[in-house]
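The values are calculated or read from the model by the stated rules, or taken from the named source; none is laboratory data. No experiment lies behind these values; they were computed from the predicted model shown. Here the Cβ is made from the backbone with ideal geometry for all residues, glycine too, and neighbour counts use every protein chain on show.
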Amino acid sequence: MAAVTELHAYRDAVADCTRCALAGGRTQVVFGSGDPNADLMFVGEAPGFHEDKQGVPFVGAAGKLLDQLLAGIGLTRPDVYVANVLKCRPPGNRDPMPDEIEACESHLWKQIELIRPRVVATLGNFATKLLSGRPTGITRVHGQEQETTLGGSRVLLYPIYHPAAALYTPRMLEVLKSDFARIPELLGREVGPPPEPVFLTAVAAEPAVQLGLF
């Protein structure tokens, strides 16, 4: 319960964020929504027009598709937590800029730290690259889970396509459905502890003659 209270307090503190220029054009900060104790967290890219007006992520066409995909695996929006890399809408729904991501990412890290999900599903390129720490695009890594540490906890990071990519492409929708179908299995998987650090033992230097160098 303490984490829930802290998450709500953090949401209220972020409501006045002015870390980047996007603050000047937003209607409101779109912090995130859903179950603060969710085992499954989705991370998208940035709010769009409808999200900026309503203050809730994924309420437009992509959000309706997300709801359908969740229903297909027996879940609803209140069962999960949904957030974005950016908390403010970029003008014209353009891609996030590197300086905007840098200014905003600590808000996302704090959300993950407080929610402590078991599975973090990244929707699209920007969330996947940020949380994986790798430049590999979503086309190559979608549907390939990996154990990692986020927000101080071990989680399964699960990259999948952004629902917006499937709105008008039936083939992409089938890929999304297939990747979503694996989520219940991932939620039931035990995630191991962080790997032990490897310390290299110093080896005493041997005379060059003994090593056969001369």
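Checking each residue in region 85-110 for being polar (S, T, N, Q), free of Cβ contacts under 8 Å to residues at least 12 places away in the same chain and on the phi > 0 side of the Ramachandran plot picks out no residue at all.
Could you please let me know if His50 is in a helix (DSSP H, G or I) and touching a Gly at 6+ places or on another chain (Cβ under 7 Å)?
So His50 fits the description; yes.
Total residues in region 15-34 satisfying the condition of being surrounded by 18 or more Cβ atoms within 10 Å (Cβ to Cβ) and either touching a strand residue (DSSP E or B) at 6+ places or on another chain (Cβ under 9 Å) or in a helix (DSSP H, G or I) (or both): the figure is 6. Of the listed requirements (1) in contact with a strand residue (DSSP E or B) (Cβ under 8 Å, 6 or more places away or on another chain); (2) crowded, with 16+ Cβ neighbours inside 10 Å, Gln144 misses just one: (2).
If you filter region 68-114 down to residues that are of a type in the set (Ser, Thr, Tyr) and outside any helix (DSSP H, G or I), you find that the one that is nearest to the chain's Cα centre (by Cα) is Tyr81.
Quick one: would you say Pro135 is under 25 Å from Lys177 (Cα atoms), of a type outside the set (Ser, Thr, Tyr) and in a loop (DSSP other than H, G, I, E, B)? In short, yes.
Whenever a residue of region 1-20 is closer than 18 Å to Asp99 by Cα, its partners that are surrounded by fewer than 16 Cβ atoms within 10 Å (Cβ to Cβ), lying with C-beta atoms within less than 8 angstrom and at least six residues away or across chains, give the pairs Cys17/Ala23; Cys20/Asp99.
Criterion applied to Arg171, Arg189 was being at pLDDT below 95, in a helix (DSSP H, G or I) and out of contact with any helix residue (DSSP H, G or I) (no Cβ under 9 Å at 6 or more places or on another chain), and the one residue passing it is Arg171. Among the residues of region 173-182, the ones that are under 13 Å from Val120 (Cα atoms) and in contact with a Phe, Trp or Tyr (Cβ under 7 Å, 6 or more places away or on another chain) come to 0 in all.
The C-beta contact set for region 145-162 (first residue in a loop (DSSP other than H, G, I, E, B), second residue among the hydroxyl-bearing types (Ser, Thr, Tyr), distance under 7 angstrom, 6+ apart or interchain) comprises Glu145/Tyr158. Cβ separations smaller than 9 Å between residues 6+ apart or across chains give the following pairs from region 122-133 residues that are closer than 13 Å to Phe42 by Cβ and surrounded by 22 or more Cβ atoms within 10 Å (Cβ to Cβ) to residues that are polar (S, T, N, Q) and modelled with pLDDT under 95: Thr128/Thr136.
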